[in-house]
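Structure, as structure tokens:
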Amino acid sequence: MAEDEGITIKKSENFSEWYNQVILKAELADFSPVKGCMVIRPYGYAIWENIQGFLDRRIKETGHENAYFPLFIPETFFKKEAEHVEGFSPEVAWVTHGGNTKLNEKLAIRPTSETIINYMYSQWIRSYRDLPLLINQWANIVRWETKMTKLFMRTREFLWQEGHTCHRTKEEADEEVLKMLDVYREVYEDLLAIPVIPGYKTEKEKFAGALYTTTVEALMPDGRAIQGGTSHNLGQNFAKVFDITYIDKDEKKKYVWQTSWGLTTRSIAALVMTHGDDKGLVLPPKVAPIKVVIVPIIFEKDKKIVLEKANEIKNTIKKKYSVTLDDREGYTAGYKFNHWELKGVPIRLEIGPKDIQKEQVILVRRDTGEKKAVKFEKLSEEIENTLNSIQKNLYEKAKKLLEENIVEVDSYKDLKKAIEEKKMAKLSFCCSVECEEKIKEDTGATSSCIPFENFEEGKCVVCGKNTEKSVYFAKHY
């Protein structure tokens, strides 16, 4: 592989530039001629399809159905919930004309769909028999980011799913919030092999218009945290604004309790950052579009027999795993090795004339680089064991990184030191907006979450007030 086709900078030396190179050179995405937007290339989209497939299955298994709502939202809808519009107004893109005709009312390009979905719910819900209403939407979202574009991490348009549900009681809504948050934990931990910290967002960081917000938070190798997915109890705020009521069993008219929850293509950024190395992507097998690549070692006199055996192996493996045979001419075996390492394919099988004589292939793991000879008759079993081992190893490696980079701090001085050293700090905290703003101003860090089981008494490291809450802080993407 030519030098400029591989990764030319170490992950440890310039994390941001390393990340950009991996995204571009592994052909996950590219910059668009439309400022702030990205093009997701087929390989990147295949990863998203695997995330989408896993999550969509879990969404349906938990009783939800998919639907689709308009991209455009009338301005009057948006202004109905004051906290919601205040939270999103800086990021909203507006349509003012249709062709040459000025619209009577501006239309927002959805930054989130609460308002238009809730209008429809107000038309559909009449009785307690209509509840719970459990709907999910797969869609694109536009938020007019003004910061520098970072592919998959910060773009004006991105892909996501957003669930919107209605319930009879707060207790039912609370249960829904935590159920779907745990589904997001599954996506990160079971599929992407990324450990997360679940918890509540502080009042300052909660979703605009929500009663409370829960989150799964991941820590990246550069010391910055990523909000992995959020699940909100919206209370009855939107229900009252949009008059979403039902006649209950006692024949009284009541407002529904609502939730919303979402996960985006930002998950791909977390995947790349967590597992990638100086050679490029390292993909957990469960999310990898290609699980096995076969690279034949070809010499002209043995070409036919090697390719025949390589194809035979491919046809056997493809019954169970996604597999590619790289039989391209004009490229050396070394070039192909580097190419598929850059792409993060979990297993590479090398086969040459000497291997055929020995009735074996050489199996190479992407995560560790370990090589071993495997007999043909044991290959299927070995592939399965190795894929499981890679998935487990990547998770355990990431969990070790998370645990080693969380620091419990007892003073404001120690908090500042932890953030300077690119750690995630856990501290006693009163959760006031004033103290949180001071931390951000002094360190650049914001709160990640308040872990769920959190009953230790302490004093806020900022103001000294008694508190029973600990909060994680880190610099965030």
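What pairs from Lys80/Lys102; Lys80/Lys147; Lys417/Lys438 go past 21 Å between their alpha carbons? Working shown, then result.
Numbers: Lys80/Lys102 23 Å; Lys80/Lys147 28 Å; Lys417/Lys438 15 Å.
Exceeds cut-off: Lys80/Lys102; Lys80/Lys147.
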Specify the inter-centroid distance of the stretch 218-277 and the stretch 6-74, based on alpha-carbon positions, in whole Å.
19 Å
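Given Lys150/Lys206; Lys201/Lys286; Lys60/Lys249; Lys25/Lys201; Lys423/Lys469, which pairs have Cα atoms separated by over 25 Å?
Values: Lys150/Lys206 23 Å; Lys201/Lys286 29 Å; Lys60/Lys249 28 Å; Lys25/Lys201 36 Å; Lys423/Lys469 20 Å.
Checking Cα-Cα distances, Lys201/Lys286; Lys60/Lys249; Lys25/Lys201 exceed 25 Å.
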Suppose all protein chains stay in the model; what accessible area per residue would a 1.4 Å probe give for the stretch 62-214, in Å²?
43 Å²
Using θ = phi - 60° and the Karplus curve 6.51 cos²θ - 1.76 cosθ + 1.60, what whole-Hz ³J(HN,Hα) does each residue of the stretch 31-37 get, with Gly and Pro shown as x?
6, 9, x, 8, 3, x, 10
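Ranked by accessible surface with a 1.4 Å probe, highest first, in what order do Asp182, Asp222 come?
On the way: Asp182 65, Asp222 30 Å².
Output order, biggest surface exposure first: Asp182, Asp222.
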Which of the aspartates and glutamates could a cross-linker bridge to Lys378, judged by Cα under 12 Å and excluding same-chain residues fewer than eight apart?
Glu359
Protection proxy ranking, peptides 338-348, 12-22, average beta carbon neighbours within 10 Å, highest first
338-348, 12-22
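Kirkwood hydrodynamic radius (Cα pairs, Å) of the stretch 163-218? The partial results should precede the final answer.
Numbers: mean 1/r = 0.0815 Å⁻¹.
Kirkwood hydrodynamic radius for the stretch 163-218: 12.3 Å.
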Unit charges on C-beta of K, R, D, E only; dipole of the chain, Debye
740 debye
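Compute the orientation-averaged projected area for the chain from the convex hull of its Cα atoms and round it to one decimal in nm².
Working: hull surface 108.1 nm².
Averaged projected hull area, Cα only: 27.0 nm².
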With every protein chain in place, the chain: carbon and sulfur % of accessible area (1.4 Å)
48 percent
For His232, list long-range residues whose amide hydrogen, built 1.01 Å from N in the peptide plane, is under 5 Å from its own amide hydrogen.
Thr214, Ser260, Trp261
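How would you rank 427-437, 126-136, 245-255, highest first, on the average number of other Cβ atoms within 10 Å across their residues?
Highest to lowest by the protection proxy: 427-437, 126-136, 245-255.
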Straight distance only, please: which aspartates and glutamates reach the Cα of Lys459 with their own Cα at less than 18 Å, same-chain residues fewer than 8 apart left out?
Glu408, Asp410, Asp414, Glu434, Glu436, Glu437, Glu468
Where the centroid of each part is defined by its Cα atoms, how far is the stretch 427-477 from the stretch 92-156 in Å?
32 Å
Binning every alpha carbon pair distance of the stretch 41-200 at 5 Å from zero, what are the percents per bin?
2, 7, 14, 16, 19, 18, 13, 7, 3, 1, 0
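The values are calculated or read from the model by the stated rules, or taken from the named source; none is laboratory data. In this text the structure is predicted, and so the values were computed from the model without any measurement. FYI the Cβ positions are ideal-geometry reconstructions off the backbone, even for glycines, and counts take in every protein chain you see. Keep in mind that these areas ignore ligands, DNA and RNA; they rest on the heavy atoms of the full protein, side chains included. Shrake-Rupley method; radii C 1.70, N 1.55, O 1.52, S 1.80 Å.
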